[in-house]
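The values are calculated or read from the model by the stated rules, or taken from the named source; none is laboratory data. All of these numbers come straight from a predicted model, not from anything done at the bench. For neighbour counting, all protein chains shown are included, and Cβ atoms are generated from backbone atoms with ideal geometry for every residue, glycine included. For the accessible areas, the whole protein counts, side chains as well, though only heavy atoms, and no ligand, DNA or RNA atoms are used. Shrake-Rupley method; radii C 1.70, N 1.55, O 1.52, S 1.80 Å.
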Amino acid sequence: MLRKCNLSKELLIQFYNVIIQSVLVWMSQQTGQEQTGKLGLQIKSLVPACPQFRTYTPPESDSFHRLTMTEYKLEVTTGDKQCAGTWDHIFVTLIGTEGQSERTVLDNFGVDFTTGTTGNYTISTNLSLGKLLLVKVEKDPFLFLPEDEWYFSKVVVTTPEGEAILFPCYRWISRGELVELRGGRALKVFEEDHPMLIDHRKKELILKKSSYQWKMLAEGLPNINHVNNVSELPADIRISQSKTTEGNHAKMMIGIELKIKGLLGSTEQWESIDDMKKIFWWKKTTMSENVAEHWKEDDFYGSQFLNAVNPNVIKRCSELPPNFPVTEEMVKPFLEEGSSLQEELKKGNIFLYDQKKMDGIRPRDYNGEPLHVTAGLCLLYVNPENKLMPIAIQLHQQPSEQNPIFLPSDPETDWLLAKMFIGNADAMDHQVVEHLMKTHFLAEVYAVAALRSFSVIHPIYKLLFPHFRYTLHINTRSRTTLLAPGGVLSNSSLGYDGVRELMRRDLAETTYSSLCLPENITARGLESIPNFYYRDDGLKLWKIINSFVKAVVEYYYPSDSEVRKDTELQEWISEIFTHGFLGNKASGFPASFQTVEEVIKFITMLIFTVTVQHAAVHNGQFDYYSWVPNGSLLLRKPPPTTKGQSSMKTILETLPDLGETVSFASLFWLLSEKYTDTVLIGTYPEERFHEPAPKQMIKEFQAQLSDLSEAISTRNLQLEIPYIYLNPTQIENSITI
Ligand code: FE2
């Protein structure tokens, strides 16, 4: 066996540690922080390779034996995450069909396993090991140093026969952990032909099912992962240290600014709307300023139902619902001269936003009284200038004298209040349903089911795992912050219980078809509504994702029978049906897969949801909501019941107070932060596929995304308000925030 250290080396290392400790003490004095643990590694990584450290000289004695040895060449890559490197000793054992190598320490001249580097090593065996099955990796302490986790990316093993086999890892490794990597071509469960691997796969899935378990969030809601706190999540699916640090920094800066201004927690009322422009000193975007300038204008209001953050709510209206008795006389002044409502309904120029799912949900109490959430109806009209204009609003489902139909010709503040109540219900629907439940929580369902059902060597796991990056972490955190009692969403008009009730109602109505954009657009009759850039970009992205998924899935599933006999795939979709859609057959979600086509459609929908759809509902939040009157999660006063009674004072009393306003605006600032470790759609920095075919498919996917990005950028140059949210340069590969 290899010799680890000799006495002089130990002494030298001890001397070196004294130097490190001195540097740490000096740094802690400079920064006022304790610099321990992994920070030591950063310093270590900066030290140039030094021959005195961790060198290994092969024994010279057994030259004959060495001549007959068979050599396996290893390229071992340490990740480039913060503090990914390690001082610890790394041992590798190669396991093949004909035997296994000795447990061999990987030790080169100089410092090994520094962040973002690849080291070359050799493992010698007496004979060829046959077909390589597993690479076993172990990490042992280096001297007396404390636990020093290693982010091990991958190892490429070149066999004596000349075959280079990829063994991806991409996870943090601790001391004493059993790490046995699968490598080579992706395999479905029924393709396993070696008893050791069949057994290994079974044990892997047992372990994964204990690491990732389901838990009920509340009756009628999608199930969630079982941990209560992010610290309980396995290290390799947690958010990176760098992202945490950047997020904390942003939070601190926002807190300091608002504290200095005395806005944080203030229960005072705004004296004027314009004062809200002073919430943040610097944080603004062209669009957020545009919103603050134009939020009262009807054409701008209407445009938001197409190209802002909640583009999935309006439907073409060919006949007015009986509970919304808009008359010809009411809306005639807002239609094209000489036209009528009936004519415009026939022509397909009338659209409806019906918020009936809000009806009857009890809002939260505020100062001892329940707040008001309206279940409104908003009629919209595409005018001859191709602008979508609101032309009538009724704030409750049942028409009555106290529930008038508001019109653009009403007193300005009456009409503005009516639009604000529609906007309030829309903002809650957007955050709670369209954003949180239909992207974040459903992504978690797909992820937990995949983590439990698939072996890491399964092709669908390799395809999907990058699309689940950070999602469990961000969702677990949102449940302990945003959604928790006292969190921002619980401070909305709906409150803690109301938010859950809204999710429950919506999930019961959610169909598979509604999550598939082409079907969604057709079902809502929005194929030809002008200036609908969410649709235009979204459909192109759907097509690009679909062609990529089709190529990958058809490569691994040449026939429907392969789909039917893949028990891991079937278990995955069954868990999704049971834990995500609660076994609701009426939803149209599949409970099993019968054909390759069904798999392609479902995975297209999944990738579209966690990339494109999330970007559509997430990316514009600061732009459209940081100006709180444009879509407030909280309105404090009841909606108007008669016309001519309101004033600007009513508007200010209705809007949230200073503290509430800044807590909403701050949330949207935080949610719009850009992080240095962002991974964009179609980018797969972790190499998981060994075989060339899927790698080529990824390249083609990237090329198509790049072409689309150019086309969107060119299109946007012509637009007064560019639609940027679905440019692939703005879409993340997974839900990370
Ligand atoms: Fe999000």
Self-check item: Segment Lys202-Asn229, extension gain: residue separation times 0.36 nm, minus the distance between their alpha carbons
Solution: 6.9 nm
Exercise. Quick one: work out Rg over Rh on the C-alpha atoms of the chain, Rh as Kirkwood radius.
Key: 1.03
Quiz item: Carbon and sulfur together cover what percent of the accessible area of the chain at a 1.4 Å probe radius?
Solution: 54
Exercise. Would you grab the residues whose amide H sits under 5 Å from the one on Gly99? Only those 5+ places off in sequence or on another chain, please, with H modelled 1.01 Å from N.
Key: none
Exercise. Hey, can you grab everything whose amide H is under 5 Å from the amide H of Thr122? Only 5+ residues off in sequence or another chain; H modelled, so Pro and N-termini drop out.
Key: Leu74
Quiz item: What's the local net charge at Asn310, with K and R +1, D and E -1, over the other residues with C-beta under 15 Å away?
Solution: 0
Exercise. Could you pull out the pairs from Lys283/Lys674; Lys543/Lys699; Lys73/Lys154; Lys357/Lys438; Lys251/Lys637; Lys215/Lys565 whose alpha carbons sit more than 19 Å apart here?
Key: Lys251/Lys637; Lys215/Lys565
Quiz item: How large is the charge dipole for the range 501-606, taken about the Cα centre, if only the Cβ atoms of Lys, Arg (+1) and Asp, Glu (-1) carry charge, to the nearest 20 debye?
Solution: 240
Self-check item: Proximal charge balance of Tyr121 [Cβ under 9 Å; K/R count +1, D/E count -1]
Solution: -2
Quiz prompt | Computed helical MRE - 222 nm, the chain, DSSP H runs ≥ 4 contributing -39500 (n - 2.57), nearest 500 | solution = -12000 deg cm²/dmol
Quiz prompt | Distance between the range 664-737 and the range 412-490 - C-alpha centres, whole angstrom | solution = 19
Practice problem: Please work out the Cα center distance from the range 518-546 to the range 605-638, rounded to the nearest Å. | Solution: 19
Quiz item: What is the dipole size for the chain, taken about its Cα centre, with +1 at each Lys and Arg Cβ and -1 at each Asp and Glu Cβ, in debye to the nearest 20?
Solution: 1340
Self-check item: Alpha-carbon centroid distance for the pair the range 210-242 / the range 81-104, whole angstrom
Solution: 30
Exercise. Mind checking which of Gly498, Val105, Thr480 is farthest towards the positive end of the chain's charge dipole, using Cβ charges of +1 (Lys, Arg) and -1 (Asp, Glu) about the Cα centre?
Key: Val105
Quiz prompt | Cα gyration tensor shape for the range 301-453, rounded if a/c is under 1.5, else prolate or oblate | solution = oblate
Exercise. Work out the charge dipole of the chain with +1 on the Cβ of Lys and Arg and -1 on the Cβ of Asp and Glu about the Cα centre, then indicate which of His690, Gln704, Gln718 is farthest towards its positive end.
Key: His690
Quiz item: Given that compact globular proteins tend to follow 2.2 N^0.38 Å, what is the ratio of the alpha-carbon Rg of the range 522-631 to that value?
Solution: 1.33
Quiz item: Counting only complete DSSP H runs, which helices of the chain cover 15 Å or more along their long axis at the Cα atoms and score a mean Kyte-Doolittle of 0.5 or above?
Solution: 7-31, 442-453, 596-608, 658-671
Quiz item: Listed highest first by mean packing, meaning other Cβ atoms within 10 Å per residue, what order do 400-412, 719-731, 203-215 come in?
Solution: 719-731, 400-412, 203-215
Quiz prompt | Percentage relative contact order, the range 64-184, counting C-alpha pairs under 8 Å, at least six apart | solution = 32
Quiz item: Expressed as cubic angstrom per residue, what is the convex hull volume of the alpha carbon set of the range 64-184?
Solution: 104
Quiz prompt | Whole-number D in µm²/s for the range 631-684 (Stokes-Einstein; Kirkwood sum over Cα pairs; 4 °C, 1.567 mPa s) | solution = 90
Exercise. Quick one: net charge around Glu271, please, counting Lys, Arg +1 and Asp, Glu -1 for every other residue with C-beta under 12 Å from its C-beta.
Key: -3
Self-check item: Charge dipole of the chain about the Cα centre (unit charges at C-beta), most positive-ward option of Asn310, Pro408, Leu207
Solution: Leu207
Quiz item: Relative contact order for the chain using alpha-carbon pairs under 8 Å, separation at least 6, rounded to a whole percent?
Solution: 15
Self-check item: Whole-number accessible area per residue in Å² for the chain, which is evaluated in the context of all protein chains at 1.4 Å
Solution: 42
Quiz prompt | Dipole magnitude of the range 58-183 about its Cα centre (Cβ charges: Lys, Arg +1; Asp, Glu -1), debye to nearest 20 | solution = 320
Quiz prompt | Ellipsoid semi-axes in whole angstrom, largest first, where each is sqrt(5λ) of the Cα gyration tensor of the range 176-240 | solution = 29, 17, 11
Exercise. Report, by chain and number, residues whose modeled amide H sits under 5 Å from the one on Leu181, excluding near sequence neighbours (fewer than 5 apart, same chain).
Key: Val135, Lys136, Val137
Quiz prompt | Relative packing of 504-512, 440-448, 364-372, which averages over residues the other C-beta atoms within 10 Å, highest first | solution = 440-448, 504-512, 364-372
Exercise. Provide the per-residue ³J(HN,Hα) series for the range 723-737, in order, calculated from phi with Karplus coefficients 6.51, -1.76, 1.60 and θ = phi - 60°, each as a whole number of Hz, with x at glycine and proline positions.
Key: 9, 9, 5, 10, 6, x, 6, 10, 9, 7, 7, 7, 8, 10, 7
